[in-house]
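Before any comments, here is the structure.
The values are calculated or read from the model by the stated rules, or taken from the named source; none is laboratory data. In this text the structure is predicted, and so the values were computed from the model without any measurement. Note that each Cβ is placed from the backbone with ideal geometry, even for glycine, and that neighbours are counted across all protein chains shown. These area figures cover heavy atoms from the full protein model, side chains too; ligands, DNA and RNA do not enter into them. Shrake-Rupley method; radii C 1.70, N 1.55, O 1.52, S 1.80 Å.
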Amino acid sequence: QQTRIACHRAAAKMALQGTLNARSTFAAAPLSRCHARRCSTRTIAVCAGSSYKIAVLPGDGIGPEITKVALKAMEAAGKKEGVSFTFEEAPVGGAAIDATGVPLPDETLALCKSSDAVLLAAIGGYKWDTLPAEQRPERGLLALRSGLNAFANLRPAYVLPQLAAASTLKPEVVSGVDIMIVRELVGGIYFGQPRGFGKDEHGNRTGFNTMVYSEPEVERIARVAFESAQKRGGRLCSVDKSNVLEVSQLWREVVTRIGKEYPDVELSHMYVDNAAMQIIRNPKSFDTIVTGNIFGDILSDAASMLTGSLGMLPSASMSSDGPGVFEPVHGSAPDIAGQDVANPMAMVLSAAMLCRYGLKLPQVADRLEASVTHVLDQGYRTGDIMSDGAKQIGCSAVGDVIEEYLHGL
């Protein structure tokens, strides 16, 4: 078991080092029965009969609903390739607070560390908004990322032809958009110390955080981004605020230095406020973006709306020495939880990223991605991406269409 997990983690490290083979068009590749995986210093064949342990964290809000769809899809797609999954669920976020009193129980983190990959749905909700900051559901997510050393967050933002009209921007602006945002995930202002509350010299309450990055932290995320850009359009834009922040001055200096190791990648720099404007004004000018934690958090959500809905975008948070965390970009949407109206497609696509980059199972990922394309090609839409002439269906119905398609392949 330990040897198998070590092999899987080595494969995940290779996926991180080679980064995402970017252009996500959901085009189905030829489906073969076996493929090679390099594990440590040897190459082994991964064929029919392989089994993988997946830590499943449904979380809060619509999380359990979309998780159910994704797990059924993974089982169906895996069965076609002779691959099986063992799913072990654990609480995180608000569900963990209700069950154990903390947002990330030790048992949940231990399960994740012992698994081949982690599939996370969403966390948070109004119910827990009044808790002290350190006890809120979001703290569990930060602790999970830190505990797994999942430092590289890869968020694709691409516009599928079927959904170009769903964007609030003009079709000619968003058609063909394909951006990869590489976000540093375990440093910066979300983790910097000191942080907290205090009082100034006049006795007024203050709140403070620390935005700090070390050279090694910037170096490792920069290399991930450059390698991603190499496999895409060969252009990398580093986003910072170096005209104001010393931490950004260090960031720009280090990224520029690392860029000399990648002469085939065209490097540019942009202030974060300008980047936010250009993502809306001229999104096709971007290929790959690398930035810090808080800037990446904001820009990736802005970029996601180019596609028309957060409900269509997956993400991967990769570690160099452990399992990755795969989750949809959207939140827990507590206002629609339990109504069977949520869009589960980003969750299914997150499962596809898990298979492709976490487990090195491209054939299974191809099937999952093709199933989402099938839903859209058939004219089915959930409410968040509904358009004239389409047929609106709910979460479980999307799952039924996906499962029927996968069983019929």
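Treat every Asp and Glu Cβ in the chain as -1 and every Lys and Arg Cβ as +1, leave all other atoms uncharged, and give the resulting dipole magnitude about the Cα centre to the nearest 20 debye. Display every interim value, and only then the final one.
On the way: 40 positive and 44 negative charges, 236 e Å.
Value, rounded to 20: 1140 debye.
For the charge dipole of the stretch 62-130, defined by +1 on Lys and Arg C-beta atoms and -1 on Asp and Glu C-beta atoms about the Cα centroid, which residue among Pro64, Tyr126, Ser115 has the Cα displaced farthest towards the positive pole? Sorting the options by dipole projection puts first Pro64. Put a dot 7 Å past the Cα of Arg281, heading toward its Cβ, do the same for Ser114, and the two dots end up 5.4 nm apart. For the stretch 288-409, with equal point scatterers placed on the C-alpha atoms only and solvent neglected, what are the log10 I(q)/I(0) values from the Debye formula at q = 0.11, 0.18 1/Å, to two decimals? So the normalised log intensities are -0.41, -1.05.
Between Asp200 and Glu138, the distance separating the two model label sites (each 7 Å from Cα on the Cα→Cβ line) works out to 2.3 nm.
For Lys170, the aspartates and glutamates whose Cα falls under 20 Å of its own Cα, not counting residues fewer than eight places away in the same chain, are Asp178, Asp287, Asp301, Asp384, Asp388. Under 30 Å of direct C-alpha separation, and excluding same-chain neighbours fewer than eight residues apart, Lys68 reaches these lysines: Lys13, Lys53, Lys79, Lys80, Lys113, Lys127, Lys360, Lys391. Across the chain, the relative contact order, built from alpha-carbon pairs under 8 Å that are at least six residues apart, equals 23 percent. Note on Arg235 and Glu107: with the Förster distance fixed at 51 Å, the Cβ-Cβ geometry gives a FRET efficiency of about 0.70.
DSSP beta bridges fully contained in the chain are about 45 percent antiparallel.
Once R0 is set to 25 Å, what does the formula 1/(1 + (r/R0)^6) return for the Cβ-Cβ distance between Gln378 and His407, expressed as a FRET efficiency to the nearest 0.05? Please report the intermediate quantities before stating the final value.
On the way: r = 15 Å, r/R0 = 0.62.
Once rounded, the FRET efficiency stands at 0.95.
With each label modelled as a point 7 angstrom along the Cα→C-beta vector, the Glu261-Asn243 pair spans 3.0 nm.
Could you give the accessible area per residue of the chain, probe 1.4 Å, as a whole number in Å²? Per residue, the chain has an accessible area of 41 Å².
Can you give me the relative contact order of the stretch 192-248 as a percent, contacts being Cα pairs under 8 Å and 6 or more apart? Please list the in-between numbers first.
Numbers: 37 pairs, mean separation 13.3, N = 57.
Answer for the stretch 192-248 is 23 percent.
Ranking Pro334, Gln135, Gly358 by Cα position along the charge dipole of the chain, where only Lys, Arg, Asp and Glu carry charges on their C-beta atoms, puts Gly358 farthest toward the positive end.
Within the accessible surface of the chain, defined with a 1.4 Å probe on protein heavy atoms only, the carbon and sulfur portion equals 52 percent.
So what is the 222 nm mean residue ellipticity for the chain from helices alone, if each DSSP H run of at least 4 adds -39500 (n - 2.57) and you divide by all residues, rounding to the nearest 500 deg cm²/dmol? It comes out at -12000 deg cm²/dmol, rounded to the nearest 500.
Site-free segments of the chain were taken between trypsin sites (Lys or Arg not before Pro) in DSSP loops having at most 12 other Cβ atoms within 10 Å, sites themselves excluded; the longest one is 34-259.
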